[in-house]
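Report on the structure given below.
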Amino acid sequence: MDITELILEQHIQQRRLFALLDEVPLDDTATLGALWHLLARFLEVHAKAEEEHFYPLVLQLHADAPGDGDDAEDETVDAVKDHNEIRDAIADAANHEVGSTGWWQAVRDARTANDEHMGEEEHDDLTAFRRVADLQTRHDAAVRFLAFEARHLGGVARTHPDPEQYVREHRPD
Ligand SMILES: [Fe+2]
Ligand SMILES: [Fe+2]
């Protein structure tokens, strides 16, 4: 198992679920609501699992690699900011009736924020992580990531971490 493969695989599942919403008849709000509930919970649990079990390792391992520490901190700040944008859009969707114009706008906002974020995570963060993390580390992190998700199948409490503070709390001393 490899945490970078696991994250990539879950991004593909997220893209599929967003695409699936477009396949549902517009008046079938029960199906739209059920799929969105699943996807929103998945997005929030995935983001939290990354903040618990991926980005702390990014900060730690890059700090150990000469010259890489500052980049890792900037990338992590960006990632947490992006996660918060996705969370905001999910929270906004909850303020609208499923299938309404406002709901679709919030879902589109979540999709746009998530698409941009996944692109950056895949291009930058996962790629950089593979350079500094050996296979055993990637395997162990994947197991912890999956265990976190398994423990939170019902969802996570919505948090909104301050990105700079998150980095201060998780970077190695
Ligand atoms: Fe991700
Ligand atoms: Fe992420």
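Figures for the structure shown
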read-out: Whole-Å semi-axes of the range 3-170's equivalent ellipsoid (Cα gyration tensor); value: 30, 16, 14
read-out: Sites Asp162 and Arg16, calculated FRET efficiency, Cβ-Cβ separation with R0 25 Å, nearest 0.05; value: 0.20
read-out: Whole-Å semi-axes of the range 71-125's equivalent ellipsoid (Cα gyration tensor); value: 26, 10, 5
read-out: 5 angstrom amide H check on Val24, placed H, neighbours 5+ away; value: none
read-out: Karplus-derived HN-Hα couplings along the range 54-64 (A = 6.51, B = -1.76, C = 1.60, θ = phi - 60°), whole Hz, x at Gly and Pro; value: 10, 5, x, 6, 4, 5, 5, 6, 6, 5, 6
read-out: Rounded to 10°, Cα long-axis angle of helix 135-151 versus longest principal axis of the chain; value: 40 degrees
read-out: Alpha carbon centroid spacing (whole Å) that separates the range 134-173 from the range 22-73; value: 10 Å
read-out: Cα→Cβ-extended label distance, 7 Å offset, between His96 and Val77, nm; value: 3.2 nm
read-out: Table column - 3J(HN,Hα) (Hz), the range 91-107, Karplus curve with 6.51, -1.76, 1.60, x for Gly and Pro; value: 5, 5, 4, 5, 7, 10, 5, 4, x, 6, 4, x, 5, 4, 5, 5, 5
read-out: Segment Asp173-Ala150, extension gain: residue separation times 0.36 nm, minus the distance between their alpha carbons; value: 5.2 nm
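Bear in mind these aren't lab numbers, they're just calculated from the coordinates by the rules spelled out. Given the structure is predicted, the values throughout are model-derived calculations rather than measurements. Cβ atoms come from the backbone with ideal geometry, glycine included; neighbour counts cover every protein chain shown.
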